[in-house]
Amino acid sequence: MSEGSAGEAADVRQLRALLTGLEQQVHFHVRALDWAESSSFWELWSQDPGVPLEAFVAACGLGVAGAPVGRWEVLTRHQAQRLLLAALAWEQAYDTARLELSAAERIATAFVDLFAPDARFFTNGTVQETSLGLRTRAWYGSVTSATFETGVVVVDARRIGLLYVADED
């Protein structure tokens, strides 16, 4: 999880506070887009969203050099929130509880609420409904170096961000 800055928006600082104690498992990054970046991001969405998504992941110090994510799946806002909720509430290797559902829900909701209604949400794997909620079942490449990971990269006209939960077996 990256360090916050004094100029960070209040909603981002509040979410960062909710993530206290999860620094070893959670990767959280959000940054503002300037007008030129915002324009170029929206143009790239009509072509290949992988290009700006990979660039952002790399700028966060994540990803695997020379091995980009092969495909990014588009999620609805609701799917993104549910995917993050399950990843935060349950460890991915053994399905043991990580956080109380109410805490996981607060974090997942706060993250998706950082972004405008027209934001685009992406994940690097296939998702499947399970008894523990919406879970990642296969990956197209790594965002973290962990054995198991689930998360969301999101962009709107003013921000880009990611929240990934990483687990080891």
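Can you sort Leu99, Leu18 so the residue with the fewest Cβ neighbours within 10 Å comes first?
Working: Leu99 19, Leu18 16.
Final ranking by Cβ density, sparse to dense: Leu18, Leu99.
In terms of packing, defined here as the mean over residues of other Cβ atoms within 10 angstrom, the peptides 70-77, 86-93 line up highest first as 86-93, 70-77.
For the pair Ala10 and Arg106 in one chain, pulling the backbone fully straight at 0.36 nm per residue adds 33.0 nm over the alpha carbon distance.
When each of the peptides 108-117, 157-166 is scored by the mean number of other C-beta atoms lying within 10 Å of its residues, the order from highest to lowest reads 157-166, 108-117. Bins of 10 Å, beginning at zero and ending with the bin holding the largest distance: percent of Cα pairs per bin for the range 10-167, please. Each 10 Å bin holds this share of Cα pairs: 11, 44, 37, 8, 0. The slack in the chain from Ala59 to Tyr140, taken as 0.36 nm per residue of separation less the alpha-carbon distance, amounts to 27.2 nm.
Below 8 Å between Cα atoms, with a sequence gap of 6+, how large is the relative contact order for the chain in percent? Mind showing how you got there, number by number?
Numbers: 285 pairs, mean separation 49.7, N = 169.
Computed over the chain, the figure is 29 percent.
Where a number appears in this text, it was derived from the coordinates with a stated rule and is not lab data. No experiment lies behind these values; they were computed from the predicted model shown. As a convention, Cβ positions derive from the backbone with ideal geometry for all residues, glycine included, and neighbour counts pool all protein chains shown.
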